[in-house]
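Written below as C-alpha cells is the structure these notes are about.
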Amino acid sequence: HLVITNVPYKKLNELCDELRDFCGRNYADVKGDLANIFLSRCLDLSMANCGAVQIVMPQNWLFLTSYKQQREHLLKSASWNLLARLGEKGFESAQAAGAFTIILTLTNRQPSSEFKLVGVDVSAPKTAPEKARALLDFELIQVTQSSQLKNPDARVAFAEGKKEVLLAKYA
C-alpha cells in the first residue's frame, strides 16, 4: 500500500467547527494544522509493517516546539525512508508562494535502532526547476533515525543528534 498526497495548508483554527471537533476527538496528540493530521491519517490508512506514505507538507513541524510530541512518536514508530527539504519555491505555483515545503516518505514500520534516515536538502536553489535538478544531483545524507530523538525537542536535522541544553533554559 502506498498513500500519496499533497496536504491542505490550513491551521486548525481556520476549520469549521465540525472538522475541528473531529480532529480533536481523533487526533488530539497532533497539534497545529491539518497537514500534520493528514500525515497521521495517511499512516493510519497504510498497511502496518509494510504500507508507505509519501507526502508534501510544510517543513516547520520538523523543528517547532509545538510539534515535538508528534515528531517523537513518528521517529519511534515509523521508518523515515526519505526526507527532501525543498524550502521556498519548491513548486511553480502561485498558490504555493511563501510555502517552505518538504517531501517525506515514511513506512508504517517501527525502525530498528540503526535505521538510516536518508535526506537531501535542496532549499538553496532559487527556482522549482533548479530544485528539480538538485534532487537528482545533490548528495544524499544519511543519519541514524534514532539519533534525531537526541536533538533538542527531537528536531529533525541532517546531522547525528546530541543531547544539548537549549539556550532557552538560560535566556
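The values are calculated or read from the model by the stated rules, or taken from the named source; none is laboratory data. This one's a predicted model, so the numbers in the text were calculated from it and none came from an experiment. Note that each Cβ is placed from the backbone with ideal geometry, even for glycine, and that neighbours are counted across all protein chains shown. Note: accessible area is taken over every heavy atom of the protein model, side chains too, but ligands, DNA and RNA are not part of it. Shrake-Rupley method; radii C 1.70, N 1.55, O 1.52, S 1.80 Å.
Remarks
- On region 21-74, 54 percent of the accessible area sits on carbon and sulfur atoms, based on a 1.4 Å probe.
- Of the labelled figures (1) 10, 39, 33, 12, 5, 1; (2) 10, 35, 38, 16, 1; (3) 9, 34, 33, 19, 5, 0, only one reflects P(r) over Cα pairs in 10 Å bins from 0, in percent as derived from the coordinates, namely (2).
- With protein chains left intact and a 1.4 Å probe, residues in region 7-76 average 52 Å² of accessible area per residue.
- For region 112-171, with all protein chains in place and a probe radius of 1.4 Å, 58% of the accessible heavy-atom surface sits on carbon or sulfur.
- Pairs with C-alpha atoms separated by more than 25 Å, drawn from the list Lys31/Lys76; Lys68/Lys126; Lys31/Lys150, are Lys68/Lys126.
- The mean accessible area for residues of region 98-171, using a 1.4 Å probe and ignoring ligands and nucleic acids, is 59 Å² per residue.
- At R0 = 25 Å, FRET efficiency that the Cβ-Cβ distance of Ala28 and Ile141 yields, to 0.05: 0.15
- Only helices enter the 222 nm calculation for the chain: every DSSP H run of n ≥ 4 contributes -39,500 (n - 2.57), and dividing by all residues gives -7500 deg cm²/dmol, rounded to 500.
- Using only the C-alpha atoms, the convex hull of region 1-71 corresponds to 91 Å³ per residue.
- Pairwise centroid distance, computed over Cα atoms, of region 1-18 with region 54-89, Å: 15 Å
- Based on Cα contacts under 8 Å between residues 6+ apart, region 65-171 shows a relative contact order of 27 percent.
- Relative packing of 22-32, 83-93, which averages over residues the other C-beta atoms within 10 Å, highest first: 83-93, 22-32
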